[in-house]
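Single-structure report; data block below.
Every number here is computed from the coordinates shown, using simple stated rules; none is lab data. As the structure is a prediction and not an experimental result, all values here were calculated from the model. Cβ: placed from backbone, ideal geometry, glycine included. Neighbour counts: every protein chain shown.
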Amino acid sequence: WHSMSQPGREFLCKITELGMFSADFILGHVLLFFMLPPLCIPYVDKGHSVMLFWLRPSRQIRPPIYSMKQSKLRKRRVIRFAILYFVMLVIFLALIVGPIVASRFLSPLQSIPMNLLQPTGLNNNDTTSEPTGLALRDVTDQRRPIMRDCEVVLVWGKTI
């Protein structure tokens, strides 16, 4: 039996893992985007080191001295990741701003295709605390269909 249910368990695990990955991906990028403005302030890294390590500015850890080749490689890597960062920032902004701007130019749907939503305005509120279905006192075995807006409502011995 376990071997037959294994694909289903793997499917559920995969869906859960992908959901957690996407949440981590979005949260990580949002935090990264919020850190950009403070990084544009000159010498903010020195203040950050003072807060983290309680080092006076004169006693801070000095950056290493790199060779020319290492400096070029580091500079290329910084440029590459900066381009990637700003592309991701533009994509995230487009995902937020795009629907807001597009909603001004698009008209709302007059009807939802294929009856995907329950019709409104039927005076049929079944979200109350009253008993429904088989819990009704005057239940009969005869069900009669009522047609409303292309929806069949089965009623147990009561008219709506």
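Worth pointing out:
- Whole-Hz ³J(HN,Hα) from phi, Karplus 6.51 cos²θ - 1.76 cosθ + 1.60, for region 46-52, glycine and proline x: 5, x, 5, 5, 4, 5, 6
- Taken over region 1-106, the alpha-carbon convex hull comes to 236 cubic angstrom per residue.
- Gain in span if fully extended, residue 92 to residue 50, counting 0.36 nm per residue against the direct Cα distance: 11.9 nm
- Dipole size of region 1-63 about its Cα centre, with +1 on Lys/Arg Cβ and -1 on Asp/Glu Cβ: approximately 420 debye, rounded to the nearest 20.
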